[in-house]
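Heads up, the thing below is written out as structure tokens.
Coordinate-derived values only; no laboratory data. If you're wondering where the values come from, they're calculated on a predicted model, not measured in any experiment. With ideal geometry, Cβ positions are generated from the backbone for all residues, glycine too; neighbour counts draw on all protein chains shown.
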Amino acid sequence: MLKKSFLAMILAGICAFSASGCIYLAVGAAGVVGGYVVSPDTVEGSVAHSFEDTWNAAKEITGIMGKIVEENSSQGVLLADINAARVTVTLVSVNGTTTKISIKARKSFMPKVDLAQDVYIKIVNSFER
């Protein structure tokens, strides 16, 4: 009886967590200060690189993966079409050596978190070259 109650509590907790709409993951990678957070359509994290270096990496990666539609370096926003999805890359300078990256991907109003993760990982890994 105690096992069944415990199992029921675990299942209820998992169901409540999965129904909340956000999944949080912390994944370590070289050059990453924190990790990254995954929500239904957005991946974000911080990198130990200047805003300018991160901007250049984001432009290069989104340009390779798709077509850059709009860019505004003063606001830190880059819009691209990748695999028929609209990808928005937002950069915020935390300090001189740390930049926060936020990547949102949607295709026909549907979240594409797998694409956002792919773009994020490629930007972060581009610093290793």
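Residues in segment 86-116 that are basic (Lys, Arg) and in contact (Cβ under 8 Å) with a residue 60 or more places away in the chain: Lys104, Arg106, Lys112. Here is a check on your reading of the model: is Val124 among the β-branched types (Val, Ile, Thr) and over 16 Å from Glu60 (Cα atoms)? Criteria not met by Val124. Across segment 80-93, the number of residues qualifying as surrounded by fewer than 16 Cβ atoms within 10 Å (Cβ to Cβ), assigned to a strand (DSSP E or B) and aliphatic (A, V, I, L, M) comes to 1.
Within segment 94-129, if we keep just the residues that are touching a Lys or Arg at 6+ places or on another chain (Cβ under 8 Å) and part of a strand (DSSP E or B), the residue that is nearest to Gly45 (Cα to Cα) turns out to be Val94.
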